[in-house]
Amino acid sequence: MAKAAYWESIGDGRVRCGLCPQACVIPEGGHGICLGRVNRGGELEAENFGRCVSIAMDPVEKKPLYHVCPGQQVLSVAANGCNLRCDFCQNWTIAQQPARTSLVPPSELVRIATDAGSFGIAYTYTEPLVWFEYLLEAGALAREKGLMNILVTNGMVNEEPLRELLPLVGAMNIDLKSMRGEFYREYCHGDGLDAVMRTIRLAAAACHVEVTNLLIPGLNDSEDEVRALVGFIADVDVRIPLHFTRYHPQHKMTIPATPLPTLGTAADIAAEKLYYVYVGNAGHQERSDTRCPVCSNLLVRRTGFEAALVGLSGHHCARCGRVADIVWCA
Ligand code: SF4
């Protein structure tokens, strides 16, 4: 438990949280939508501070991050909760309802990461931005020890806390679920689009960013919407890797899985503008490799979550000499 940042009293013992666009108004004894913040006696507290619902070593490719320390394992840790309520959530049992947690203070988290030989700490599986106070403290300690902080996030956070956090972050994978605000409101139960787009812009100027888009048949997979999403990312930086991932029926959503041709079409559209386009959750070997954007030389070959560096000479393309857009481990 820690004092929460970014909130205000609004009378009658109630508080309004200012960490994310949900702007929860919380009465005494109540929790915010994200489950992690509680009003105790008219003060907002970060009840989720140090409370971990999951901790494990994972391939960094699983985040997915394809341009950060390829082939390496990273300590991956999660809070209990999320500030969205996506009908198609893959991790709803730990993201959308209370789950058992264990206390891992920041110093202990960093010790676990260094003992495991991890190059960093990935805050993932649920929504790390609602773990804000813990991220600040653990992130600063991790950074001191030479570890990279990685956020796998929905990007729905207000600007001021994001700017406070970014100096500690080395890499992010940010979900861009749709280019329509209506999609966020109807299927994710949060008015998130503008905040997510701002997060992508600000993060891309501060650290390495990759973007994930889960394609759901009939909801966000039209060619027009894919073109709008690709155009937005290209406008930020054509070097941002984009991952189209295959949807499977989960939680409250029963629409059948994304047809493979839909993913291929989206990837073809994206490849017209972006340097790095991947297809995930679909067993699509060709679309998971990294090629040099200048000469098409195969740089990194991926099989499942394994990565082999095949066409690199040091940190450059072995054929044309272009510097690879990859963040390397020290
Ligand atoms: S961080 Fe949590 S409590 Fe704060 S506004 Fe967002 S969902 Fe509500």
Within the group Ala5, Ala56, which residue is out of contact with any Gly (no Cβ under 9 Å at 6 or more places or on another chain) and either within 14 Å of the ligand (Cβ to nearest atom) or within 21 Å of Ala99 (Cβ to Cβ) (or both)? Ala56
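Going by the conditions given, is Phe88 aromatic (Phe, Trp, Tyr), crowded, with 20+ Cβ neighbours inside 10 Å and either within 16 Å of the ligand (Cβ to nearest atom) or over 30 Å from His189 (Cβ atoms) (or both)?
On the way: aromatic (Phe, Trp, Tyr): yes; crowded, with 20+ Cβ neighbours inside 10 Å: yes; either within 16 Å of the ligand (Cβ to nearest atom) or over 30 Å from His189 (Cβ atoms) (or both): no.
Against the criterion (aromatic (Phe, Trp, Tyr), crowded, with 20+ Cβ neighbours inside 10 Å and either within 16 Å of the ligand (Cβ to nearest atom) or over 30 Å from His189 (Cβ atoms) (or both)), Phe88 does not qualify.
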Among the residues of the stretch 1-53, which ones are free of Cβ contacts under 8 Å to residues at least 40 places away in the same chain, on the phi < 0 side of the Ramachandran plot, open to solvent by 60 Å² or more (accessible area, probe 1.4 Å) and not β-branched (Val, Ile, Thr)? Trp7, Glu8, Ser9, Arg14, Arg16, Pro27, Glu28, His31, Arg40
Which ranges mark the strands (runs of 3 or more DSSP E) fully within the stretch 140-222 that have 3 or more residues being under 20 Å from Leu19 (Cβ atoms) and at pLDDT 95 or above? 148-153, 171-175
For Lys252, which of the numbered conditions (1) assigned by TED's automatic domain parsing to the domain that holds Gln97; (2) touching a His at 6+ places or on another chain (Cβ under 9 Å) fails to hold? (2)
Filter pass, Arg111 being surrounded by fewer than 18 Cβ atoms within 10 Å (Cβ to Cβ) and more than 16 Å from the ligand (Cβ to nearest atom): yes
Checking the structure you have, find out if any residue of the stretch 74-90 is assigned by TED's automatic domain parsing to the domain that holds Gly190, at pLDDT below 95 and at negative phi. yes
What number of residues within the stretch 49-90 are among the polar types (S, T, N, Q) and closer than 18 Å to Met148 by Cα? 3
Search result, residues across the stretch 116-146 that are of a type outside the set (Ser, Thr, Tyr) and open to solvent by 10 Å² or more (accessible area, probe 1.4 Å): Ala116, Gly117, Phe119, Glu133, Leu136, Glu137, Ala140, Leu141, Arg143, Glu144, Lys145, Gly146
So, in the stretch 8-46, of the ones that are in contact with a Gly (Cβ under 6 Å, 6 or more places away or on another chain) and closer than 26 Å to Ser107 by Cα, which residue ends up nearest to the ligand (Cβ to nearest atom)? Cys34
Please verify whether the stretch 240-258 includes one or more residues that are open to solvent by 60 Å² or more (accessible area, probe 1.4 Å), among the aliphatic types (A, V, I, L, M) and more than 16 Å from Asp175 (Cβ to Cβ). no
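Can you name every residue in the stretch 265-287 that is modelled with pLDDT of 95 or more and outside any loop (DSSP other than H, G, I, E, B)? Working first, answer last.
Restricting attention to the stretch 265-287, the residues satisfying the condition of being modelled with pLDDT of 95 or more are 265-279.
Within the stretch 265-287, Thr265, Ala266, Ala267, Asp268, Ile269, Ala270, Ala271, Val277, Tyr278, Val279 qualify.
The values are calculated or read from the model by the stated rules, or taken from the named source; none is laboratory data. Nothing here was measured: the structure is a model prediction, and the numbers come from that model. For neighbour counting, all protein chains shown are included, and Cβ atoms are generated from backbone atoms with ideal geometry for every residue, glycine included. Heads up: the accessible areas ignore ligands, DNA and RNA and are worked out on the full protein's heavy atoms, side chains in. Shrake-Rupley method; radii C 1.70, N 1.55, O 1.52, S 1.80 Å.
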